[in-house]
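Notes to accompany the following structure.
No lab work stands behind these numbers, since they all come straight from the coordinates. These figures come from a predicted structure and were not determined experimentally. Glycine gets a Cβ as well: all are built from the backbone with ideal geometry, and neighbour counts include every protein chain shown.
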2 protein chains.
Amino acid sequence: MVLCTEVKKLQELVKAAKSANQTIGLVPTMGALHEGHTSLINACHKENDLTIVSIFVNPTQFGPKEDYKQYPRSLKKDCQQAENAGADIIFAPEAAALYPDKDMTWVEVTGDIVKVLCGRTRPIHFRGVTTIITKLFHLITPDKAYFGQKDAQQVEVLKKMVKDLFFPTELRIMPIVREKDGLAKSSRNVYLNAKERQAALCLYKSLTHAQDLYTHGERNPQAICEAVRNVISAEPLSNIDYIEAYSLPGLKPIGAKIKNKILVAVAVKFGTTRLIDNVVLGE
Amino acid sequence: MVLCTEVKKLQELVKAAKSANQTIGLVPTMGALHEGHTSLINACHKENDLTIVSIFVNPTQFGPKEDYKQYPRSLKKDCQQAENAGADIIFAPEAAALYPDKDMTWVEVTGDIVKVLCGRTRPIHFRGVTTIITKLFHLITPDKAYFGQKDAQQVEVLKKMVKDLFFPTELRIMPIVREKDGLAKSSRNVYLNAKERQAALCLYKSLTHAQDLYTHGERNPQAICEAVRNVISAEPLSNIDYIEAYSLPGLKPIGAKIKNKILVAVAVKFGTTRLIDNVVLGE
């Protein structure tokens, strides 16, 4: 495995792969790798000749009061994990290498898709995501790129960007990976103390309940969201940011009755740690 | 030569060229082709295996009071001219093919580079340009793309976009092509009546004067702009939008004395027709 921190070096490696007609897969990450990430790397390794994992805590997707500085960084451990999972190249640049100028060029999806859910409290987040992903896509020109369903709104926003701008990259979306007790794997789980960690189980419990209701015939999205809210707010340490449901694809409003596939998504704080989770209901 | 109006067809043609290891050159145009455009197509044809000319009057780069609807359209004549100049494929889609959704994904360069010169009166223009060029670059994945120095600010903005977002496409900038009497070739010249056409010669005259002053040692940018203003305002039919000078690359402020390469750019209305022209001074 090659660890590459320079843009020029990366471009040479990509050029060599293209010349050899290798297919390229990209797994963009912010490091602090867990089994969610390694499942993406595994899938990428299976489906492409060359697997590139980017490790970059992207400053432009964090708001001024968010956790950019304390976001967990563990490059050495990450490299080992990525290599074990099938990474051929790790691209881990400094922030200045990807953002050399003060005046930025932004890539921005507009519309309700970036205003609902996390967009309400993180107004610049998705602009940062789409901008960094564009840079990585241009540097690496991947045939396929891998993202986790855990970040469901990010997935929808990136699908919209790829469609609108005709990116020649296929997005591959992989299922949420959970701890044995159901907590969705997240780099931010390390922020939780023991009590918060236990309390956070209410997220999975609430979404499993939503799935049960749907399976037993409930088709009212408000009723499902209310049931999810009841489960989560029964946990004293929970502080709900949102519990919402939208139709898929595109996060459009559902109306009074669920007819097609929907996303039920939650964001909840436990102490100072904000966690997100979701479930997709229907076909 | 192939005339292609469908995105899918274009993607197939591009894929076939890539499979055959052909280099691809792109000349993006809004049609109404003149010798400025054909000089770009000639250069593209010489430097690439496959020359693609896009003909698309891009709605998002026109302001609400600008000439989108009356912009000259002449597809049949354009195709003939483009083929004669060396085009292999003409891509001429409907607006809905490139902008299928109401909610857009924008690519936007920020900073003074888009606020000076034409940016003062055309605040959404360059966002439209960078967005459509991104779409074309992704659809066509050109090795090289050709633009005219006539649109000097567009050139600087696109260079900034390509650098910031790491586009794997080389920008090739070709010199201004002029009529025998010096008027810069422009698709908008057809709007001019005979008197305005004659009056518009003051632009080239003023820029030649600027070049003369520089050659004879003038290094004060204000003095050069003032001299250009005197020549243009001596023409009764002229209505000056701007006469400004900025350092190259990047359109930065110059200061009191010209030290490196600078752009002297003008925008002037003759009747309802707004023309732009420019000269680059220094090394």
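So what are the radius of gyration and Dmax for the Cα set of the range B:48-199, in Å?
Over the range B:48-199's Cα set, Rg and Dmax evaluate to 16.2, 46 Å.
What does the charge count near B:Leu26 come to, summing +1 for each Lys or Arg and -1 for each Asp or Glu among other residues with Cβ under 13 Å from its Cβ?
That sum, taken over residues with Cβ under 13 Å, equals -2.
Across every pair of different alpha-carbon atoms, what Kirkwood hydrodynamic radius in Å does the range A:187-276 reach?
Working: mean 1/r = 0.0734 Å⁻¹.
In the range A:187-276 this quantity evaluates to 13.6 Å.
In a Gaussian network model over chain A where Cα atoms closer than 10 Å are linked, find which of A:Pro253, A:Pro236, A:Pro142 has the largest mean-square fluctuation.
A:Pro236
Counting Lys +1, Arg +1, Asp -1, Glu -1, what net charge surrounds A:Leu136 among other residues with beta carbon under 14 Å of its beta carbon?
Neighbourhood net charge equals 0.
Whole-Hz Karplus ³J(HN,Hα) for the range B:235-252, in order, using 6.51 cos²θ - 1.76 cosθ + 1.60 and θ = phi - 60°, x for Gly and Pro?
8, x, 7, 7, 9, 6, 8, 8, 9, 9, 10, 9, 7, 10, x, x, 6, 8
Can you list which of the trypsin sites (Lys or Arg not before Pro) found in the range A:124-180 are DSSP loop residues with at most 13 other C-beta atoms within 10 Å?
On the way: sites: A:Arg127, A:Lys135, A:Lys144, A:Lys150, A:Lys159, A:Lys160, A:Lys163, A:Arg172, A:Arg178, A:Lys180; in loops: A:Lys150, A:Lys180.
Passing both the DSSP loop test and the Cβ count: A:Lys180.
If you add up the charges near B:Ile258, with Lys and Arg at +1 and Asp and Glu at -1, over every other residue whose beta carbon is less than 13 angstrom from its beta carbon, what do you get?
Working: positive: B:Arg219, B:Lys252, B:Lys257, B:Lys259, B:Lys261; negative: B:Glu218, B:Glu283.
Once positives and negatives cancel, what remains is +3.
Name the aspartates and glutamates eligible as straight-distance cross-link partners of A:Lys180: C-alpha to C-alpha under 17 Å, and not fewer than 8 places from it in the same chain.
A:Glu35, A:Glu196, A:Asp277
As an exercise, identify the trypsin sites (Lys or Arg not before Pro) in the range A:226-283 lying in DSSP coil whose Cβ has no more than 16 other Cβ atoms within 10 Å.
A:Lys257, A:Lys259, A:Lys261
What is the average number of partner chain Cβ atoms found within 10 Å of a Cβ in A:164-173?
Numbers: counts 13, 10, 11, 4, 9, 1, 0, 0, 0, 0.
Counting other chains' Cβ atoms within 10 Å and averaging over A:164-173 gives 5.
For B:Lys8, list the aspartates and glutamates whose Cα falls under 16 Å from its own Cα; do not include residues on the same chain fewer than 8 positions away.
Result set, ordered by chain and number: A:Asp164, A:Glu170, B:Glu94.
Averaged over B:105-114, how many beta carbons belonging to a partner chain fall within 10 Å of each residue's beta carbon?
Values: counts 16, 9, 10, 7, 4, 5, 5, 1, 2, 2.
Counting Cβ atoms of other protein chains within 10 Å of each residue's Cβ and averaging gives 6.
Tell me which residues come under 5 Å, amide H to amide H, from A:Glu170 once H is placed; ignore anything under 5 positions away on its chain.
Under 5 Å from the amide H of A:Glu170 lie the amide H atoms of A:Lys144, A:Ala145, each far enough along the sequence or on another chain.
Roughly speaking, what is the centre-to-centre gap between the range B:211-283 and the range A:60-132 when only Cα atoms are used, to the nearest Å?
About 42 Å separates the Cα centre of the range B:211-283 from the one of the range A:60-132.
If eta is 1.002 mPa s and T is 20 °C, what Stokes-Einstein diffusion coefficient results for the range A:1-112, Kirkwood Rh from Cα pairs, in µm²/s? Walk me through the intermediate numbers first.
Details: Rh = 15.2 Å.
The Stokes-Einstein estimate is 141 µm²/s.
Could you list which residues have their amide H under 5 Å from that of A:Ala92, counting only those 5 or more apart in sequence or on another chain, with H placed in the peptide plane?
HN-HN under 5 Å from A:Ala92: A:Cys4, A:Thr5, A:Ile55.
Listed highest first by mean packing, meaning other Cβ atoms within 10 Å per residue, what order do B:244-252, B:44-52 come in?
Descending packing order for the listed peptides: B:44-52, B:244-252.
Strictly over 30 Å apart at the Cα level, which of A:Lys46/B:Lys163; A:Lys115/A:Lys269; B:Lys76/B:Lys144; B:Lys9/B:Lys46; A:Lys76/B:Lys135; A:Lys150/B:Lys115 would you flag in this model?
Among A:Lys46/B:Lys163; A:Lys115/A:Lys269; B:Lys76/B:Lys144; B:Lys9/B:Lys46; A:Lys76/B:Lys135; A:Lys150/B:Lys115, the Cα-Cα distance tops 30 Å for A:Lys46/B:Lys163; A:Lys76/B:Lys135; A:Lys150/B:Lys115.
If one computes P(r) from the Cα atoms of chain A, what percent of pairs lie at distances over 28 Å? Working shown, then result.
Working: 14947 of 39903 pairs.
Result for the distance tail: 37 percent.
Before rounding to the nearest 500, sum -39500 (n - 2.57) across all DSSP H runs of length at least 4 in chain A and divide by the residue total; then give [θ] at 222 nm in deg cm²/dmol.
-11500 deg cm²/dmol
Explain nothing, just the number: relative contact order of chain A, from Cα pairs under 8 Å at least 6 residues apart, as a whole percent.
17 percent
Taking amide H positions as placed in the peptide plane 1.01 Å from N, state which residues far from A:Lys252 in sequence (5 or more) or on other chains have amide H under 5 Å from it.
Counting only residues 5 or more places away or on other chains, the set is A:Ser247.
When Cβ neighbours within 10 Å are restricted to other protein chains, what is their mean count per residue of peptide B:139-150?
Partner-chain Cβ atoms within 10 Å, mean over residues of B:139-150: 1.
Based on the alpha-carbon gyration tensor of the protein assembly as shown, what equivalent-ellipsoid semi-axes (square roots of 5 times the eigenvalues) come out, in whole Å, largest first?
That gives 50, 25, 24 Å for the three semi-axes.
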